[in-house]
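In what follows, a single structure is set out as structure tokens and then discussed.
The values are calculated or read from the model by the stated rules, or taken from the named source; none is laboratory data. Note that the structure is a prediction, hence the values are computed from the model and not measured. Here the Cβ positions follow ideal geometry from the backbone for every residue, glycine too, while neighbour counts run over all protein chains shown.
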Amino acid sequence: MVVRAPAFQEGLFWLNSNPLVLSELKGKYILLDFFTFGCVNCLNNLNTIKKLYERFGDELIVIGVHTGKFSHEKELHALQEALLREAITYPVINDPDHVVADAYAARGWPTTILIDNRGYIAHQASGEQKLLEWNGRLSSCGLSAKHKKIGIFSETNSLFFPQKVLATPDFLAVANTNKNEVWLSDYAGVVSTIIEAERPMGMTFYNNLLYICESDTINAYNLQRKQKQTLIENLRNPYDIVIQDNKLVVALAGSHLINVYDLETMQLETSYGNKFEALRDGKADECQLAQPSGVTLMDDVLYFVDAESSSLRKLEKGVISTLIGEGLFTFGDSDNSDELLLQHPQGVCAGNMGDGCGGGRLFIADTFNNKVKAYFPEDNSMITLVEDLNEPSGLSKKGCELFIANTNAHEVLVFDLSKMESKVIEFSF
């Protein structure tokens with residue numbers, strides 16, 4: 001059955017373009033991408049959409065339709081910053097009430113729809129799409145490559161959406177994610193080394209090696225030799241990493257897994273989760289995760305935040321259990337003991353006993369609430385420490401200082417736990 005593409009409703013807010021009218025685009029092929037910027041699978045699909053946009057240029061009209069899940073995602077300013085972060089320059093409709101999504105029966109994130117040059121839906125698919133298949137599909141429609149180039153300018157030696165930070169005894173490491181760099185500095189902010197890294201995220205330091213989560217790999221940078229080596233390949237969005245008992249523990253946001261590797265051989269030993277996005281506790285072959293984005297260790301227990309389920313969870317003695325969170329669509333902002341709620345947290349770090357202030361607490365980057373919170377495992381309570389941030393994504397602690405990757409503000413903050421005050425680190429070269 002051939003279905004005519006529904007017209008775009010009036011009154012919707014468009015970004016990167018004036019409102020487009022479908023009837024005026026006849027003769028053109030149109031690619032619709034229904035996405036939400038907090039979904040890692042949507043972000044992966046965006047890379048395919050952007051490459052098609054670049055490849056086919058004006059021959060293909062690309063329109064993003066942002067159908068936010070979280071309340072923060074529905075805010076226009078948050079979407080605007082996400083488009084900058086992801087270097088999206090084609091038209092995007094803000095569809096907070098899912099009006100366009102309902103009209104096109106786009107039920108999942110992401111959904112990709114092709115409208116042909118007569119105005120009819122030619123193809124509709126859910127999930128991450130394959131670039132080669134779409135290149136072939138569009139070429140068979142008679143579209144030819146134009147290779148339009150797009151890019152976002154940012155100043156040299158500036159932070160641009162830093163997503164993770166690591167405080168070691170001797171240096172600070174900052175994942176300057178959208179500049180594809182890792183900065184190493186002293187605690188006065190003097191940068192001594194810049195490491196090239198593809199979309200760097202979480203890091204850990206052990207035995208003179210800085211382990212770095214990159215786009216689809218785990219790499220190790222040797223500080224003495226100034227060399228980087230790839231250790232594990234073909235991963236789906238490694239977001240954070242820790243070392244526990246001679247094991248490398250990696251949070252794989254894109255495949256909804258926590259993988260445990262032997263530190264010497266880099267062989268996979270255990271995988272927690274079954275790749276289906278959900279919140280379910282249990283052993284390795286029973287549990288389900290939802291975009292694990294930050295991991296930390298406290299008293300030999302692994303704690304992690306599951307962004308899409310807005311949850312704080314732990315892995316202890318081979319079993320995953322949930323401390324905060326109830327499911328994929330339960331989220332909010334509450335420190336009330338009767339109902340603790342987070343909104344898409346992406347970072348967590350431990351305050352270990354004897355390490356200055358904050359021992360026995362977990363510090364959480366409550367990303368979509370724009371806050372940092374402290375969680376107390378002994379009595380299941382939580383308080384807000386820092387407010388009015390801009391999508392903080394990463395945390396690390398050294399003594400009484402908590403380092404915060406305040407991602408959308410393009411800065412790293414240091415919060416003094418003894419004085420309860422923060423300041424921006426001024427980096428220099």
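Worth pointing out:
- Residues of segment 407-429 classified as surrounded by 15 or more Cβ atoms within 10 Å (Cβ to Cβ) and either in contact (Cβ under 8 Å) with a residue 24 or more places away in the chain or part of a loop (DSSP other than H, G, I, E, B) (or both), total: 11
- Tally of residues being over 11 Å from Val65 (Cα atoms) and of a type in the set (Val, Ile, Thr) across segment 86-112: 2
- For segment 302-345, filtering for residues that are more than 20 Å from the chain's Cα centre (by Cα), assigned to a loop (DSSP other than H, G, I, E, B) and closer than 20 Å to Lys283 by Cα leaves 3.
- Count of segment 306-334 residues which are out of contact with any helix residue (DSSP H, G or I) (no Cβ under 9 Å at 6 or more places or on another chain), buried (at least 17 other Cβ atoms within 10 Å of the Cβ) and at negative phi: 11
- Residue match in segment 66-84 (condition: in a strand (DSSP E or B), within 29 Å of Lys371 (Cβ to Cβ), in contact with a helix residue (DSSP H, G or I) (Cβ under 9 Å, 6 or more places away or on another chain) and not hydroxyl-bearing (Ser, Thr, Tyr)): yes
- Checking each residue of segment 258-278 against the condition of being in the same structural domain as Gly327 (by TED's automatic domain parsing) and touching a Pro at 6+ places or on another chain (Cβ under 7 Å) gives at least one match.
Here is a yes/no grid of residues against (1) more than 30 Å from Ala365 (Cα to Cα); (2) modelled with pLDDT of 95 or more:
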| position | (1), (2) |
| --- | --- |
| Asp97 | no, yes |
| Asp102 | yes, yes |
| Pro110 | no, yes |
| Gly142 | yes, no |
| Asp170 | no, yes |
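- Selection over segment 207-232 of residues that are within 27 Å of Leu43 (Cα to Cα) and in contact with a strand residue (DSSP E or B) (Cβ under 8 Å, 6 or more places away or on another chain) gives a count of 16.
- Filtering segment 1-39 to residues that are surrounded by fewer than 15 Cβ atoms within 10 Å (Cβ to Cβ), polar (S, T, N, Q) and either on the phi > 0 side of the Ramachandran plot or touching a residue at least 24 places away in the same chain (Cβ under 8 Å) (or both) leaves Gln9, Asn16, Ser17, Ser23.
- Residue list for segment 54-65, restricted to those being in a helix (DSSP H, G or I) and either at pLDDT 95 or above or hydrophobic (A, V, I, L, M, F, W, C) (or both): Phe56
- Cβ separations smaller than 8 Å between residues 6+ apart or across chains give the following pairs from segment 377-397 residues that are in the same structural domain as Ser293 (by TED's automatic domain parsing) and under 19 Å from Ala409 (Cα atoms) to residues that are among the charged types (D, E, K, R) and surrounded by fewer than 22 Cβ atoms within 10 Å (Cβ to Cβ): Leu385/Lys371; Val386/Lys371; Glu387/Lys371; Leu389/Lys371; Asn390/Glu81; Glu391/Glu81; Pro392/Lys371.
- Consider segment 259-289 and keep the residues that are touching a Gly at 6+ places or on another chain (Cβ under 9 Å) and within 19 Å of Thr367 (Cβ to Cβ). The one that is surrounded by the most Cβ atoms within 10 Å (Cβ to Cβ) is Leu289.
- The residue pairs whose first member lies in segment 121-133 and is on the phi > 0 side of the Ramachandran plot and assigned by TED's automatic domain parsing to the domain that holds Gly27, whose second member is at pLDDT 95 or above and not aromatic (Phe, Trp, Tyr), and whose beta carbons are closer than 9 Å, counting only pairs six or more residues apart or on different chains, are Gly127/Asn41; Gly127/Asn45; Gly127/Pro110; Gly127/Thr111; Gly127/Thr112.
- Tallying residues that are closer than 19 Å to Ala175 by Cα and aromatic (Phe, Trp, Tyr) within segment 364-411 yields 1.
- Subset of segment 97-130 that is within 21 Å of the chain's Cα centre (by Cα) and surrounded by fewer than 17 Cβ atoms within 10 Å (Cβ to Cβ) - its residue that is farthest from Arg55 (Cα to Cα): Gly108
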